[in-house]
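*Asks:* Please see the structure below; I have some questions.
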Amino acid sequence: MLKLDLRDPDSLVAVAHALSTRARVDMLQLLAERGLNVAEMAEALQLPMSTVAHNVKVLEAAGLIRTELLPATRGAMKMCTRSWDDIHIALRAADALAEGEPSVYEIEMPVGHYSDCEVTPTCGMASAEGMLVQEDEPSSFYHPKHVGAQMIWLRNGFLEYLLPLAIPADARVQALELSMELCSEASGYNNDWPSDITLWINGAEVGTWTSPGDYGDRRGRLNPEWWRDTATQYGELKQWRIDSLQTTLDGEAHSEVTVDDLGLTNRPSVRLRIGVKPDAQHQGGLNLFGRRFGDHEQEILLRIYYTTGE
């Protein structure tokens, strides 16, 4: 959810402007189910390509959609995906907001935008349009094209992400929430294939979730048509919450790690690592899903709850 209030008037104005025409609202509605390029939206809405292209720029500037240039028969095409499913706008006075519920900082990191990795086969990655790299070739994970990945798999190792932490300098972090769609990684798929998947935040080991299997008994709700039926199809949406008392996973007690153990004060980023430890009991790998694969239309979603002032 995108949350806006009077403490960030520029973002509030940009979003309000982006939602001020029927054409742009219709475009957001079209993007609810899947990504589309400019030509596809122009055809669906019966609008000139130039009009749609202009409105795409407005929506992108407001942060309501993301765009990616992909190869096409002639040149490149701009693929558009929706950034948010919900928008909450609070119009209370700034001082009233400060005295009420904690502020929420939220950012969604595409699964392909990892900053470091260490992988062993079976491994690979795909975009919504096709395979991105040669399968089972770890060196390909360092190719620049990895930023376009919408599904990543590896048998052992880790993926590491640097997520920007743009909160006030005097912020007191009360809780951190992190969610992503995951499952194990088998050759093909195997619903009974456990894997111990561990999460680290800023070097602190938050805990390990044992994934029951690599799910492929049905097609994932969001999978592109080209994706083969005999491969991994979907995962489970897992949510960690770390507060001042403990860490929970999907609402259940998970570990004794607290938000104070994460070292979130006075730093520009959150370092997230997800992987399978070399000494894990179940070394069944992992699949990580973006918004164009699996069952859940999201990337890696981070929320920080904080207060400011005295």
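*Asks:* Can you find a residue in segment 266-273 that is touching a Lys or Arg at 6+ places or on another chain (Cβ under 7 Å) and either hydrophobic (A, V, I, L, M, F, W, C) or modelled with pLDDT under 95 (or both)? Outline the logic, then answer.
*Replies:* Taking segment 266-273 as the starting set, the residues that turn out to be touching a Lys or Arg at 6+ places or on another chain (Cβ under 7 Å) are none.
No, because not a single residue in segment 266-273 is touching a Lys or Arg at 6+ places or on another chain (Cβ under 7 Å) and either hydrophobic (A, V, I, L, M, F, W, C) or modelled with pLDDT under 95 (or both).
*Asks:* Additional query: Looking at the structure I just gave you, is Arg7 surrounded by fewer than 18 Cβ atoms within 10 Å (Cβ to Cβ), of a type in the set (Lys, Arg) and over 30 Å from Glu177 (Cα atoms)? Working first, answer last.
*Replies:* Numbers: surrounded by fewer than 18 Cβ atoms within 10 Å (Cβ to Cβ): yes; of a type in the set (Lys, Arg): yes; over 30 Å from Glu177 (Cα atoms): no.
So Arg7 does not fit the description; no.
*Asks:* Can you tell me which residue among Arg155, Arg172 is modelled with pLDDT of 95 or more and either open to solvent by 10 Å² or more (accessible area, probe 1.4 Å) or basic (Lys, Arg) (or both)? Show your work before the answer.
*Replies:* Numbers: Arg172 fails: modelled with pLDDT of 95 or more.
Within the list Arg155, Arg172, the selection yields Arg155.
*Asks:* Write out, first by first residue and then by second, each pair whose Cβ atoms fall under 6 Å of each other, whose residues are 6+ apart or on separate chains, and whose first residue, in segment 281-300, is within 19 Å of Pro224 (Cα to Cα) while the second is in a loop (DSSP other than H, G, I, E, B) and polar (S, T, N, Q).
*Replies:* Cβ pairs passing all conditions: Asn287/Thr232; Gly290/Gln150; Arg291/Gln298; Arg292/Gln150; Phe293/Gln150; Phe293/Asn223.
*Asks:* Just to be sure before I move on: is Leu286 touching a Cys at 6+ places or on another chain (Cβ under 8 Å) and modelled with pLDDT of 95 or more in the structure I sent?
*Replies:* Values: touching a Cys at 6+ places or on another chain (Cβ under 8 Å): yes; modelled with pLDDT of 95 or more: yes.
Answer is yes for this residue.
*Asks:* Are any residues in segment 237-256 touching a Phe, Trp or Tyr at 6+ places or on another chain (Cβ under 8 Å), within 25 Å of Arg292 (Cα to Cα) and of a type outside the set (A, V, I, L, M, F, W, C), and if so, which ones?
*Replies:* If the condition is that a residue be touching a Phe, Trp or Tyr at 6+ places or on another chain (Cβ under 8 Å), within 25 Å of Arg292 (Cα to Cα) and of a type outside the set (A, V, I, L, M, F, W, C), then Lys238 is the only one that fits.
*Asks:* Report whether or not Asp170 is in a loop (DSSP other than H, G, I, E, B), among the acidic types (Asp, Glu) and more than 27 Å from Trp209 (Cβ to Cβ). Step through it out loud before you land on a result.
*Replies:* Numbers: in a loop (DSSP other than H, G, I, E, B): yes; among the acidic types (Asp, Glu): yes; more than 27 Å from Trp209 (Cβ to Cβ): yes.
Yes: the conditions hold for Asp170.
*Asks:* Shifting gears a bit: Name every residue in segment 178-192 that is part of a strand (DSSP E or B) and either open to solvent by less than 10 Å² (accessible area, probe 1.4 Å) or basic (Lys, Arg) (or both), in order of residue number. Talk me through it step by step, then tell me what you get.
*Replies:* As a first pass, look at segment 178-192 and keep what is part of a strand (DSSP E or B): 178-183, 190.
Result: Leu178, Ser179, Met180, Glu181, Leu182, Cys183.
*Asks:* Hey, does segment 212-227 have a residue that's closer than 30 Å to Ala32 by Cβ, aromatic (Phe, Trp, Tyr) and part of a strand (DSSP E or B)?
*Replies:* Checked segment 212-227: at least one residue is closer than 30 Å to Ala32 by Cβ, aromatic (Phe, Trp, Tyr) and part of a strand (DSSP E or B).
*Asks:* Here's another thing I want to ask about it. Looking only at segment 36-59, decide whether some residue is at pLDDT below 90, open to solvent by 20 Å² or more (accessible area, probe 1.4 Å) and either in contact with a His (Cβ under 6 Å, 6 or more places away or on another chain) or basic (Lys, Arg) (or both).
*Replies:* Within segment 36-59, none of the residues are at pLDDT below 90, open to solvent by 20 Å² or more (accessible area, probe 1.4 Å) and either in contact with a His (Cβ under 6 Å, 6 or more places away or on another chain) or basic (Lys, Arg) (or both).
*Asks:* Right, next: For the structure I just gave you, tell me whether Gly213 is out of contact with any Pro (no Cβ under 8 Å at 6 or more places or on another chain), surrounded by 18 or more Cβ atoms within 10 Å (Cβ to Cβ), small (Gly, Ala, Ser) and closer than 25 Å to Gly285 by Cβ.
*Replies:* Numbers: out of contact with any Pro (no Cβ under 8 Å at 6 or more places or on another chain): no; surrounded by 18 or more Cβ atoms within 10 Å (Cβ to Cβ): yes; small (Gly, Ala, Ser): yes; closer than 25 Å to Gly285 by Cβ: yes.
Here the answer is no, as Gly213 does not meet what is asked.
*Asks:* Another one. Among the numbered criteria (1) of a type in the set (Val, Ile, Thr); (2) within 15 Å of the chain's Cα centre (by Cα); (3) surrounded by fewer than 16 Cβ atoms within 10 Å (Cβ to Cβ), which single criterion is violated by Thr120?
*Replies:* (2)
*Asks:* Moving to a separate point now. Kindly provide the set of residues from segment 85-120 that are over 30 Å from His143 (Cβ atoms), at pLDDT 75 or above and assigned to a strand (DSSP E or B), ordered by number.
*Replies:* If the condition is that a residue be over 30 Å from His143 (Cβ atoms), at pLDDT 75 or above and assigned to a strand (DSSP E or B), then Ile87, His88, Ile89, Ser103, Val104, Tyr105 are the ones that fit.
*Asks:* So which of Arg271, Arg219, Arg241, Arg228 ends up being open to solvent by 60 Å² or more (accessible area, probe 1.4 Å), touching an Asp or Glu at 6+ places or on another chain (Cβ under 6 Å) and within 26 Å of Asn156 (Cα to Cα)?
*Replies:* Criteria check complete, one pass: Arg241.
*Asks:* Now for a separate question. Going by the structure shown, is Asn223 of a type in the set (S, T, N, Q) and at positive phi?
*Replies:* On the way: of a type in the set (S, T, N, Q): yes; at positive phi: no.
The answer is no for Asn223.
*Asks:* State which residue pairs qualify: first residue at positive phi and inside segment 243-261, second residue open to solvent by less than 20 Å² (accessible area, probe 1.4 Å) and in a strand (DSSP E or B) in any location, beta carbons under 9 Å apart, and separation of 6 or more residues or different chains.
*Replies:* Short answer, once both residue conditions are applied: Asp250/Lys238; Asp250/Trp240.
*Asks:* Which residues, taken from segment 136-152, are of a type in the set (S, T, N, Q) and buried (at least 16 other Cβ atoms within 10 Å of the Cβ)?
*Replies:* The initial filter retains those residues of segment 136-152 that are of a type in the set (S, T, N, Q), namely 139-140, 150.
Matches in segment 136-152: Ser140, Gln150.
The values are calculated or read from the model by the stated rules, or taken from the named source; none is laboratory data. All values reported here derive from a predicted model rather than from experimental measurement. No Cβ is skipped: glycine too gets one built from the backbone with ideal geometry, and neighbour counts run over all protein chains shown. Quick note on the areas: whole protein, heavy atoms, side chains included, nothing else; ligands and nucleic acids left out. Shrake-Rupley method; radii C 1.70, N 1.55, O 1.52, S 1.80 Å.
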